[in-house]
Structure formats: structure tokens, C-alpha cells
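Q: Here's a structure for you.
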Amino acid sequence: MVDDRRVVAANRAARQAGVVVGMARREGEALCPGGVILDRDPARETLRFEPVVQIVEAIVPRVEVVAPGSLLVDITGALRYYGGEQVVVERIMERLADPGVRIGVAGGPFAARLAAGSAAPGTVHFVDDDHAFLASQDVSSIANEDLVAIFRWLGIGTLGALSSLPRHAIATRFGNDGLRAHRLASGEEGRVSARPIPPDVDVDEQYEEPLVLLEHVGFAARALAHRLIGALAAAGTAAHRIEVEATAATGERRSRVWRSKDPFTAEMLAERVWWQLRAWTESEGVPGGIIRLRLSPADVSGTGRQLGFFEDTVAEIEAERALARVQALVGHDQVLEAEPAGGREPGERVRWRRRGEPTDLPQSEGAPWPGATPAPTPALVPPHRPSVGVRWDDGMPVQVRLRSRWVPVLNWAGPWRRTGRWWEGQPDVDRYQIVTSAGAFLCEVDGDTVRLVGVYD
Amino acid sequence: MNASASPIDARRILAEQIATHTITLTDRAELLQLEPGRVVGLSGPDGSGLTRLGLSLLREPARSAPVVAVDTRGWLSPAAAWEMGIPPGRLAVIRCDDRRIWPQALAALIGGVRSIYAELPAGVTDQALRRLAALARRERTGLVLRGVDRPVPSGVAHLAISAEGIEWRGVDQGHGRLTTRQMSLLASGKAMRGIERRIEVEDDGTNLVRVVGGLATASPGRAAG
């Protein structure tokens, strides 16, 4: 299984052939030429992971999903009830009855995660002293490739070596990333500042028609996630833990807390809410569909984004809400955003995407693009270039047909030859700027056919 | 204005180089601006230059908040908006040509977006447009209505602009390329204090537009104020 061209999981046969997690996709393909390669599907993983979460939740409430397959459980409150961490963990292992499960128990979330990672399948790794345990861990545990490379170059190979350095020196040299790494190495992860949760920051939405279709659920998740992050940003805060609550048509309520080591962004949150809702929907966890959705921050910190000096955050939040309503009216595909992309033609220089969807990597806008149509850009660019009638006299355009009437050409410029991509069968065309009494047009001529590329409106 | 100045001098003196968003009429010179709660109506066929002018009115509001363009034909190019100075991340484009949904969608936008450019689809009633204009005034939303196949009905817009003519420069029988255009516009409405006036706008393809005041301010049969 691959994600972003890296192997994220491999079955036994693949592992025996030499495939390891983290390996490049091509390398894995070379080792296993006949292997089946699947793209990672976090929503499906969440669905498969949902029963595990429910089992653990039945023993210890308030579990937090870090990612599909990874769960963080605060067992502080359960210790007194069950009589010790050994008993709690044994009960979880017993109920899960999975030989592959790995559990780490430590004083903080970062140490617990590392302990779980170092435990053998089907075992528990108890950490008695977080500082001593972390000090022995490799510096790569902080999961920041650039920073790890510099630390190694400086001779810092373990988290212990990192945490022994003065924090102010790390902060001065490496900024926020370095500071965060130092806190991790010192076992301080998860201690968000005690900033009060702003009042009325929860967002919820009720639906007259229960959401049953996954498409509608996804749309609702995205809209609500953007609203919550917008509200938090307006208060100058950001959340590391968010509770997702869904009410089914039958009145049944489901809730789940998702955690992120970095403050949630709108896209990150929308993704996780979508995974969770899809898992509930597909596993019949919300019978009859969802009639109410609620997102609330479980904690907030002051390490939110820096507001721009000229930004009107309230206006942005209001606009988000309005656009979400319009998406419901006109359809998700009709509310669009665009970003500049490389290309020679006006239409090529715009990369469209549905609002709220992640940005694709555009073609380089800054590349030279020789032969590109110069500014000013036509304000109207038909997506399918319609053919237009043009009368020529000795190679010069003299009349253009606009709807049903012919209008005289007042002036014109061109031709500019655009060499087509011959390897894709694209022909060479000549471009003309034609000025009439009804406006100016950008046209391309391919043999006898003249097509409208843009209107200078 | 110096009465003895030649037409060229007068043009140099009175031409106010301003960002397009500030084309508002003041006592000093004709300037236009999309103010909160104001409706600007743009009427004229494709090619008359009004799409670019309408988008340019969103430039200043887009500096601080998202703006929206409602596209009824699916032809609107955001590249032109970027060229006028609207940041790509601040512009959302909504494609809607359904005359039943369009008023609802625009009403929803007016409730949350501060500045909107909207093309009129065929079949939307004058009554619906008047309601939307009233809503925009109440919500203090700047609204630019662009009539393509029909003019914006009278009484809807605070400032009504119709295209009179357009002149392109830079091309000459096969040579050169389009560089600058000068639009002749007829402005009327409350913003003009009831006086119909002709203004000329020069656009050189950047986000600056030269509004030439005092050149063609005489309106037929009336004195220019």
C-alpha cells in the first residue's frame, strides 16, 4: 500500500521480498514485480478501525484518535476504577484479542506513542520514567526530516542530547520548529497552554433531511470544519483536539475526539471529520442518517495562526458560511476557486478546483512559456472554443460573424504561430487579435476553422 | 479646471490615475467606487469592456475579505481578475444560470459576502432584482450587477453605467498587439445626483485605470455638474 509514492504497509509476502515501510514506490515495485499496489484510503482505514475504537471506548471513555490505526487513551481516571494500569491494559488486550496490537503506556502522549511503536506485536511496553526513555530515543523520532538532518550534522543523535541543550539557544537557532522539537524531546508534548476555550466557538448544523449519501456527508463535514477553524482563528487560537459529534435520525448520538500534534487547519480537520462520518455512516453507526453535526474544540492553544494586519477575519468567516449555503443551493461543483498555473493560452493559465478541495500542484507559473498570449488577458474565456465565422481578403480578416450578423473588422493583429504539441497530435495554429465595433476578440485559426479563444470584455 | 487650458492640458490636469476601485464620483472628479450597501449596474453587450470594469471594482474589497463573482455563462476568467489586482485566494466563482436558483444564491451571498460581482441570467424578474438590491443595501454589501443581454432595470442600481463605445489601441492592420482601451460610459442614478453624464475610462491592462474627467462630461441636453 502506498501513500504519496511511499510504501506505508506491506503484507508478509512483500516483506519477505524485501519491501519495507518508507521505501519508494518504484523500489517496492522493482522488488515485487507482480505485486498488487493499492493507494492508501484513510476513510476506509477509519472504517476498519472503528470497532477497535469502540472496544477501547467501552473500557475507558474519552479516547482520542490520532490517525486511523493509532489511538491515544488517557487512563488516569480509569486507574482508580480498575485498580492499576496493568489491569486496564490487560482488559484492553483481552477484549481486542488481536495478536498484532501494540500498546505503550507512559506519562505523556509522545512517549506513549514511541513506546507503542517499540513494543513487539501483542505486547505492552510500560515506561516508568519518560525522561530516561525519551533520552535514549533516536532524534529521528521528532519526524521533521530537515531538522533531523541538521541535528545529526551537529552531532545530536538522541532526544536526550537535544533536551540537554538550552531551550533558548534552540529557539534562537531553529525557531518554532526547533522549539517544538525540544519540547517533544523533553516530554512536554500535549501540554497546550491553558487558554480558555472562547465561548460559543462550537459549531453545529441541523439538517431537515437526514444526511445519508456520502457526498452530502462530505460536504457537510467540510463546511462545518471551515466554520470551526474560522471561529477559532477569529479568537486568535487553534485547537489540537476536536470532538466530532453526530446525531442519528433515531436520536442516537455518537462522538469521537480527534487529536493532532500540530494545530488543526481547516483542511486537516475537514479530512478527519469526513473519515469519521464516513466510518459511522458505512458501519450503520448513525441509523437513518445524520440529522445534526457538532464540532467543538476539546482544548485550544495560543499557537494559532498569526492574523494578517489587513485581514478582516469576521468577514472571512461570514463569507465561508455564505459560500457553504450557496454550495447547498447550486451544487458543490459550481462553487469554484482558481489558482494561477503555467500555460500559453488564457484558459491554460487558470487551474480550477472546487471550493474547499486541496490544491493540486500547478504547472510552474513562473516558467518562461514562450509564445504566451500577452496581457491584457481576455475577461471571458469559453471553455470549449466555439467556431466563429470570419471572412478573409488576401490573408486579412475583413468581417466577423457575431451571432447572426456580420460586422466589419476595424483592426487586427497577428498571426502569432503557436506550435502544437505534435506528440499529442495537437496542430499548429495562428492566433489573431481582431477588433470590431462590437469589441475585441482573440481567435485561433487552424486551416479553415476559426475558433474563439477569448473576448476582451 | 483652468478654462484657458488646451484640451490636451486639461486632460493632463484632470486625468486622475487611480485604482479602478476608486472610480467614484466626487465633487472634484468623476470617480467610481464600490461602497458598502451600494449597487452598481453595468449594462452593455459582450466586448464592451464592462466585465473587466466590474471585476476591477472588487479589487479594493478583496484586500481584506473574500469576494465573489457569479458567472452565468461559464466564461469568466479569473486571470483577468488577478490582473486587476484581486488575490487568487480571495476570489470565489459561482456558476449559476438557473433563473430560479440565481436569486436565492445571490441572497445567500449578500448575507455573508461583502462585495459581489454578479451577471444577470435571462429570465430573472425586475422585482427579484429590486428585492436583492434592497437586501444588499440592508446588509451593506457592495453589489455589481452585470446585464449582458438586458440592461439592469432602472431604480435598481445606485449608480447605473451603460457602455457607449470602446476604442482599442495598439493594433494596426496586422501589426502590434492590443495594449490600451478607452471606454466611453454613460453614468446615471442617485450617485450622479440625477444627472446623466458621460465618462471615459482608460485601461492599459494593469490594475490601474485612468478615469478621464472633464473630457466628455457634457450630457445630451443637460449641463454637466
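Q: For A:Asp3 and B:Thr179, FRET efficiency with R0 = 35 Å and r from the beta-carbon atoms, rounded to 0.05? Don't jump to the answer; show the numbers that get you there.
A: Details: r = 49 Å, r/R0 = 1.41.
Working from the Cβ atoms, E equals 0.10.
Q: Right, another one. Give me the dipole magnitude in Debye, nearest 20, for the range A:222-288 about the Cα centre, with unit charges on the beta carbon: positive for Lys and Arg, negative for Asp and Glu. Kindly include the intermediate steps, with their values, before the conclusion.
A: Details: 10 positive and 8 negative charges, 32 e Å.
Result for the range A:222-288 is approximately 160 debye, rounded to the nearest 20.
Q: Can you compute the FRET efficiency between B:Ser154 and A:Arg353 using 1/(1 + (r/R0)^6), with r the Cβ-Cβ distance and R0 = 35 Å? Round to the nearest 0.05. Display every interim value, and only then the final one.
A: Details: r = 39 Å, r/R0 = 1.12.
For B:Ser154 and A:Arg353, the calculated efficiency is 0.35.
Q: Follow-up. Taking just the alpha carbons, could you work out the radius of gyration and Dmax for the range A:23-71, both in angstroms?
A: 15.8, 45
Q: Which residues' amide hydrogens lie under 5 Å from the amide hydrogen of A:Asp299, considering only partners 5 or more residues apart or on another chain, with H built in the peptide plane?
A: A:His240, A:Arg241
Q: Enumerate the calculated ³J(HN,Hα) couplings along the range B:162-169 in order (Karplus 6.51 cos²θ - 1.76 cosθ + 1.60, θ = phi - 60°), each rounded to whole Hz, writing x wherever the residue is Gly or Pro.
A: Couplings: 10, 7, 9, x, 9, 10, 9, 10 Hz.
Q: How long are the semi-axes of the equivalent ellipsoid of the range A:37-121, defined as square roots of 5 times the Cα gyration tensor eigenvalues? Whole Å, largest first. Intermediate results must be reported in sequence, preceding the final value.
A: Values: eigenvalues 103, 41, 31 Å².
That gives 23, 14, 12 Å for the three semi-axes.
Q: How big, on average over all directions, is the shadow cast by the Cα convex hull of the protein assembly as shown, in nm²? Don't skip to the answer; put the middle values down first.
A: Values: hull surface 154.8 nm².
Approximately 38.7 nm², given one-decimal rounding.
Q: Still on this structure, please answer the following. With only Lys, Arg, Asp and Glu charged, each at its Cβ (+1 for the first two, -1 for the last two), find how big the charge dipole of the protein assembly as shown is about the Cα centre; round to the nearest 20 debye. The partial results should precede the final answer.
A: Working: 82 positive and 85 negative charges, 237 e Å.
That gives a dipole near 1140 debye.
Q: Any chance you could give the angle, 0 to 90 degrees and rounded to 10, that helix A:214-234 forms with the longest Cα principal axis of chain A?
A: Roughly 80 degrees between the two axes.
Q: Residue by residue through the range A:392-401, which ³J(HN,Hα) values in whole Hz follow from phi under the Karplus form 6.51 cos²θ - 1.76 cosθ + 1.60 (θ = phi - 60°), with glycine and proline marked x?
A: Values, residue by residue: 10, 9, 6, x, 10, x, 10, 9, 10, 8 Hz.
Q: Give, rounded to the nearest 20 debye, the magnitude of the charge dipole that the range A:71-139 has about its Cα centre when Lys and Arg contribute +1 at Cβ and Asp and Glu contribute -1 at Cβ.
A: Values: 5 positive and 9 negative charges, 43 e Å.
So the dipole magnitude of the range A:71-139 works out to roughly 200 debye.
Q: Could you give the spread of the C-alpha atoms of the range A:22-177 along their three principal axes, from largest to smallest, in whole angstroms?
A: Cα extents, longest axis first: 50, 46, 25 Å.
Q: Still on this structure: Between the helical axis of A:266-282 and the dominant principal axis of chain A, each derived from Cα atoms, what acute angle in degrees is found, rounded to the nearest 10?
A: For A:266-282 against chain A, the angle is about 70 degrees.
Q: Rounded to whole Hz and in sequence order, give me ³J(HN,Hα) for the range B:129-137 from the Karplus expression 6.51 cos²θ - 1.76 cosθ + 1.60, θ = phi - 60°, writing x for Gly and Pro.
A: 5, 5, 4, 5, 5, 5, 5, 4, 5
Q: Put +1 on the Cβ of every Lys and Arg and -1 on every Asp and Glu Cβ in the range B:107-154; which of B:Leu109, B:Thr125, B:Gly147 then has its Cα farthest towards the positive end of the dipole?
A: Sorting the options by dipole projection puts first B:Leu109.
Q: Oh, and also: Compare the Cα positions of A:Tyr82, A:Leu380, B:Ser162 along the charge dipole of the protein assembly as shown (+1 at Cβ of Lys, Arg; -1 at Cβ of Asp, Glu; about the Cα centre) and return the one farthest towards the positive end.
A: Farthest along the dipole direction, towards plus: B:Ser162.
Q: Amide H of A:Gly122: which non-local residues (sequence gap of 5 or more, or other chain) have their own amide H closer than 5 Å, using H built in the peptide plane?
A: Placed amide hydrogens put A:Val101, A:Arg102 under 5 Å from A:Gly122.
Q: Please name which of A:Ser260, A:Val286, B:Thr72 has its Cα lying farthest along the dipole of the protein assembly as shown towards the positive end, using unit charges on Cβ (Lys, Arg +1; Asp, Glu -1) and the Cα centre as origin.
A: So the residue we want is B:Thr72.
Q: Taking amide hydrogens as modeled 1.01 Å from N in the peptide plane, which residues meet the under 5 Å criterion relative to A:Val398, leaving out close sequence neighbours?
A: For A:Val398, the qualifying residues are A:Arg391, A:Trp392, A:Asp393.
Quick note: the coordinates plus some simple rules give every number you see, no bench work behind them. It should be emphasised that the depicted structure is a prediction, and the values quoted were computed from it without experimental measurement. With ideal geometry, Cβ positions are generated from the backbone for all residues, glycine too; neighbour counts draw on all protein chains shown.
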